[in-house]
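Presented below is the structure to which this report refers.
Derivation of every value follows stated rules applied to the coordinates shown; laboratory data play no part. For clarity, every value in this text was computed on a predicted model and none was experimentally measured. Neighbour counts are summed over all protein chains in view; Cβ atoms, including those assigned to glycine, are modelled from backbone coordinates with ideal geometry.
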Amino acid sequence: MCYSSVMVNEEQLESNEATAHAAAKLASPAAARNFMLAGKAIFTLVSQRTGTRYTFKVSHKAANDQYGESWMVSYLTGPDNWSNYSYIGQIVNGPKGLFFRTTKASKLTMASAPVAGFNWAFSRINLGQDTPNMEVWHAGKCGRCGRMLTVPSSIEMGLGPECASKGF
């Protein structure tokens, strides 16, 4: 991935309230990982080679008596950017750390382009590696609480100041 600085500037934010809800490219593998695992992340993976893009939602699920901590991954499959998501798998903690897997309930197979793209990107990002020719863009909402981001540094991280201070 060619990570670059945030694609929103302060003048845009001050001059047009609509751009305060601007999406931003996440600037590093660490920023992308923190955002993806924050709890309520909505982001798009964009291929720089083909222009193909896939939008995902990753929601945190706390551990319970039956299952350990996990993150449910869904893929945008319809016209409503906030509610038309289909479950594709989960991120779980294994002996070698976090990894993505499909389950019986997954709507797509590991061989499908969106799932394969997510798996490839998350595997690299989780290890702190760049994702060549792929960008990660968040939707302008805090990855942890879902509130609209308005502060340039928060837009850059994909996390509001209070949520960023909570860590993982």
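For Cα pairs less than 8 Å apart in space and 6+ apart in sequence, what is the mean separation divided by the residue count of the chain, i.e. the relative contact order in percent?
Here the relative contact order equals 30 percent.
Would you report the distance distribution of C-alpha pairs in segment 20-166 as whole percents per 10 angstrom bin, up to the bin with the largest distance?
12, 43, 37, 8, 0
With the chain treated as a Gaussian network of Cα nodes joined by springs under 10 Å, which of W71, W137, W82 yields the largest mean-square fluctuation?
Greatest mean-square fluctuation among the candidates belongs to W82.
Between E162 and Q129, with labels modelled 7 Å along Cα→Cβ, what's the label distance in nm to one decimal, could you check?
Roughly 3.8 nm, to one decimal.
Lysine pairs in segment 20-166 with alpha-carbon atoms under 18 Å apart, 8 or more places apart or on different chains: how many are there?
Taking the Cα cut-off of 18 Å, the pair count is 12.
Full extension from S28 to C145: what is 0.36 nm times the residue separation minus their Cα-Cα distance, to one decimal in nm?
Working it through step by step, the gained length comes to 40.0 nm.
In what sequence do V115, V92 fall when counting other Cβ within 10 Å, fewest first?
V92, V115
Going by alpha carbons, how many degrees (0 to 90, nearest 10) lie between the helix axis of 113-126 and the longest principal axis of the chain?
Taking Cα atoms only, the helix is inclined about 80 degrees.
From the P(r) of segment 93-152, could you give the percentage of C-alpha pairs in the tail past 20 Å?
Tail fraction, whole percent: 46.
To make sure I understand, if each residue's beta carbon is the centre and we count other beta carbons within 10 Å, what order do H60, H138 fall in, fewest to most?
Fewest-to-most Cβ neighbours within 10 Å comes out as H60, H138.
Need one number: nm distance between label points at S112 and Q66, each 7 Å from Cα along Cα→Cβ, rounded to one decimal.
For the pair S112/Q66, the computed spacing is 2.4 nm.
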